[in-house]
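Visitor: Below is a structure I'd like to ask you about.
Readers should treat all values here as calculations from the given coordinates under stated rules, not as data from a laboratory. The model shown is predicted, which means the values in this text are computed figures rather than measured ones. Neighbour counts are summed over all protein chains in view; Cβ atoms, including those assigned to glycine, are modelled from backbone coordinates with ideal geometry.
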Amino acid sequence: MTERTELVEHGQLFIGGEFTDPLGTEVIEVISPHTEQVIGRVPHASEGDVDRAVAAARRAFDEGPWPRMGLDERIAVITRIKDAFAVRHEEFARLISAQNGTPYSSSVMVQALAAMMVWDSAITVARDFPYEERRDGVLGPLLVRREPVGVVAAVVPWNVPQFTAAAKLAPALLAGCTAVLKVSPETPLDAYVLAEIAEEAGLPPGVLSILPADREVSEYLVGHRDVDKVSFTGSVAAGRRVMEVASRNLTRVTLELGGKSAAIILPDADLEAAVAGIVPFAWMINGQACVAQTRILAPNSRYDEMAEAFAAAAGALRVGDPLDPTTELGPLVAQRQQQRSLDYIKLGQEEGAKILTGGNRPAAQERGWYVEPTLFGSVDNSMRIAREEIFGPVICLIPYEDEAEAVRIADDSPYGLSGSVWTADTERGIDVARRVRTGTYSVNTFSLDMLGPFGGYKNSGLGREFGPEGYGEFFEHKMIHLPAGYREA
């Protein structure tokens with residue numbers, strides 16, 4: 001018997017650092033993907049609410065203390081936010097699982113503690129960042145400064161709402177920027193916990209606003225003339241639209257978009273280790289992860305053996321209530337996502353791929369937006385199921401002849417976000433990693449380290465998050481020419 005989440009209702013928005021009544025009357029109803037029942041209600045932010053939030057952020061940046069504080073003062077506030085995540089991580093995990101279906105067994109780490117790690121890693125990066133440096137120029141000495149970019153619009157998705165929020169807010173706030181966070185209508189409830197934490201941490205007025213809203217309000221926010229920087233995570237189609245709208249004001253953008261990542265298993269790999277390492281990250285968040293290893297590349301010489309092993313592992317995944325701690329695969333976030341996966345399963349069969357396991361709604365689940373963990377075999381990389389991001393529990397097992405073909409197949413994609421290689425020879429794996437054109441890569445593991453740059457090649461996005469590269473996205477660069485012969489006193 002699992003503990004059920006009671007109805008959670010909020011009547012106000014967090015604007016400029018305080019809870020205040022919305023200007024409109026529209027309400028977002030949060031639907032459980034497991035029960036299909038309403039589990040929460042929050043106000044739907046309007047364009048007028050966006051104007052209020054951006055105006056507060058503009059004043060706080062132009063006139064307030066936050067950008068003018070010393071770095072240690074800002075770090076002290078952000079540290080309190082990070083510490084509060086540690087205290088309330090189970091609350092975050094349960095709320096997010098109830099909203100988007102992530103199994104609680106993984107939600108504690110993936111949805112909550114990983115977000116805390118992002119806040120913590122950003123503090124580490126901020127301490128060592130080169131905010132100002134001297135250079136010898138061609139015509140004389142130079143002073144190069146990095147100054148906060150200004151008002152940031154941070155737009156995050158429903159699959160990892162706190163992780164992606166932290167990826168944007170932590171560096172932006174540490175840099176001295178102010179921010180308006182726009183959260184998805186599917187997962188607004190955990191954002192109220194973040195608002196409480198921010199308020200208690202002592203952020204000055206205007207520094208942070210949090211608005212639940214749909215795509216139309218998101219578009220209004222990213223096109224706002226008083227926004228200096230947009231940081232967006234979402235689909236490729238939405239990212240293109242964000243870039244188009246932001247370009248009207250020449251607003252700087254960072255886009256973290258989709259993926260169709262390939263896990264290459266070389267012939268010498270330990271199959272048991274590869275299966276144990278790949279399966280959790282192929283079906284992570286029920287297949288609703290941009291970095292998921294959704295294409296598994298297996299050598300022809302061991303294809304049947306690998307197909308049997310991966311089908312058995314996928315078929316053994318325990319499907320059910322996301323709040324049951326024994327569940328390994330929960331429901332998809334919405335009925336539209338369930339139908340999308342089922343449509344792709346049908347398409348894959350029409351294309352000639354063979355279902356090795358799954359392929360249907362689970363018979364044991366009478367309600368909820370569930371799809372069985374599904375593995376296709378006999379997949380050609382030209383098939384749509386191998387080229388398009390499904391964002392569901394549907395994985396392709398693709399054969400290859402030799403290492404050169406494996407790298408070619410991995411690269412034969414409009415995406416380039418993540419990937420992995422599995423081999424008994426680590427140096428060989430590193431060589432493969434160097435050759436695949438993708439933003440992050442793992443050898444005999446799968447990892448996303450917050451002290452290194454994260455982002456994608458090709459349609460997987462623009463710019464980087466995490467590490468000094470991601471932190472640098474929230475700064476302008478200023479060059480100051482100094483008189484010839486100047487030496488600092």
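Visitor: How large is the charge dipole for the range 262-449, taken about the Cα centre, if only the Cβ atoms of Lys, Arg (+1) and Asp, Glu (-1) carry charge, to the nearest 20 debye?
Guide: Values: 16 positive and 27 negative charges, 143 e Å.
Computed about the Cα centre, the dipole is about 680 debye.
Visitor: Only sites in a loop by DSSP and with at most 15 other Cβ atoms within 10 Å count here; which GluC sites (Glu not before Pro) in the range 1-98 make the cut? Spell out each step's value before the answer.
Guide: On the way: sites: Glu3, Glu6, Glu9, Glu18, Glu26, Glu29, Glu36, Glu47, Glu63, Glu73, Glu90, Glu91; in loops: Glu3, Glu6, Glu26, Glu36, Glu63.
Sites meeting the loop and neighbour criteria: Glu3, Glu6, Glu26, Glu36, Glu63.
Visitor: Something else now. Taking 35 Å as R0, compute the FRET efficiency from the Cβ-Cβ separation of Leu271 and Ser247 and round it to 0.05.
Guide: Numbers: r = 48 Å, r/R0 = 1.37.
Efficiency computed from Cβ-Cβ geometry: 0.15.
Visitor: So what's Rg/Rh here for the range 306-352, counting alpha carbon atoms and using the Kirkwood radius for Rh? Numbers along the way, then the final one.
Guide: Values: Rg = 13.4 Å, Rh = 12.6 Å.
For the range 306-352, the value is 1.06.
Visitor: What does the convex hull of the alpha-carbon atoms of the range 223-269 project to on average, in nm²? Could the numbers behind the result be given before it?
Guide: Details: hull surface 16.8 nm².
One quarter of the hull surface, i.e. the mean projection, equals 4.2 nm².
Visitor: Which shape class, rounded, prolate or oblate, goes with the range 37-79 when its Cα gyration tensor gives a ≥ b ≥ c as root eigenvalues, a/c under 1.5 marks rounded, and past that a/b bigger than b/c marks prolate?
Guide: Because a/c hits 1.5 or more and a/b fails to exceed b/c, the range 37-79 counts as oblate.
Visitor: Among the DSSP beta bridges whose two residues both lie in the chain, what percent are antiparallel, rounded to the nearest 5?
Guide: On the way: 29 of 68 bridges.
Antiparallel bridges make up about 45 percent of those DSSP assigns within the chain.
Visitor: Which of the residue pairs Lys182/Lys260; Lys182/Lys346; Lys168/Lys478; Lys458/Lys478; Lys82/Lys182 have a Cα-Cα distance greater than 24 Å in the structure shown? Display every interim value, and only then the final one.
Guide: Details: Lys182/Lys260 26 Å; Lys182/Lys346 35 Å; Lys168/Lys478 22 Å; Lys458/Lys478 29 Å; Lys82/Lys182 20 Å.
Those over the limit are Lys182/Lys260; Lys182/Lys346; Lys458/Lys478.
Visitor: At a threshold of 8 angstrom on Cα-Cα distance, excluding pairs fewer than six apart, so keeping six or more, what relative contact order does the chain reach in percent?
Guide: Details: 1144 pairs, mean separation 91.0, N = 489.
Reported as a whole number, the value is 19 percent.
Visitor: Please state the equivalent ellipsoid semi-axes for the chain: what are the square roots of 5 times the Cα gyration tensor eigenvalues, largest first, in whole Å? Let's see the in-between values first.
Guide: Working: eigenvalues 296, 172, 70 Å².
Those come to 38, 29, 19 Å.
Visitor: Given Val291, Val279, Leu397, which one lies farthest toward the positive end of the charge dipole of the range 262-449, if we put +1 on the Cβ of every Lys and Arg and -1 on the Cβ of every Asp and Glu?
Guide: Farthest towards the positive end: Val291.
Visitor: What's the angle, to the nearest 10 degrees (0 to 90), between helix 47-62's Cα axis and the longest principal axis of the chain?
Guide: The angle comes out near 50 degrees.
Visitor: By the gyration tensor of its Cα atoms, with a ≥ b ≥ c the square roots of the eigenvalues, what is the shape of the range 4-60: rounded for a/c under 1.5, prolate for a/b over b/c, or oblate? Could the numbers behind the result be given before it?
Guide: Details: a/c = 3.10, a/b = 2.51, b/c = 1.23.
Taking the square roots of the gyration eigenvalues as a ≥ b ≥ c, the range 4-60 is prolate.
Visitor: The range 106-168 to the range 36-71: how many Å between their Cα centroids?
Guide: 19
Visitor: Full-extension gain between Asp449 and Glu47, please, as 0.36 nm times their residue separation minus the C-alpha to C-alpha distance. Intermediate results must be reported in sequence, preceding the final value.
Guide: On the way: separation 402, 0.36 × 402 = 144.72 nm, distance 3.63 nm.
Stretched out fully, the Asp449 to Glu47 stretch lengthens by 141.1 nm.
Visitor: Quick one: which of 462-472, 134-144, 51-61 comes out on top by average Cβ neighbours within 10 Å, and what's the full order, highest first?
Guide: Values: 462-472: 20.4, 134-144: 11.9, 51-61: 22.0.
Descending packing order for the listed peptides: 51-61, 462-472, 134-144.
Visitor: To the nearest 500 deg cm²/dmol, what mean residue ellipticity at 222 nm is calculated for the chain from DSSP H runs of n ≥ 4 alone, each contributing -39,500 (n - 2.57), summed and divided by the residues? Numbers along the way, then the final one.
Guide: Details: 16 runs with 182 residues, N = 489.
Calculated at 222 nm, the ellipticity per residue is -11500 deg cm²/dmol.
Visitor: If you don't mind, there's one more thing I want to ask. Write down the radius of gyration of the range 262-449 and its Dmax, each obtained from C-alpha positions, in Å.
Guide: According to the Cα coordinates of the range 262-449, Rg and Dmax are 15.6, 49 Å.
Visitor: By the gyration tensor of its Cα atoms, with a ≥ b ≥ c the square roots of the eigenvalues, what is the shape of the range 165-312: rounded for a/c under 1.5, prolate for a/b over b/c, or oblate? Let's see the in-between values first.
Guide: Working: a/c = 3.01, a/b = 2.15, b/c = 1.40.
Because a/c hits 1.5 or more and a/b exceeds b/c, the range 165-312 counts as prolate.
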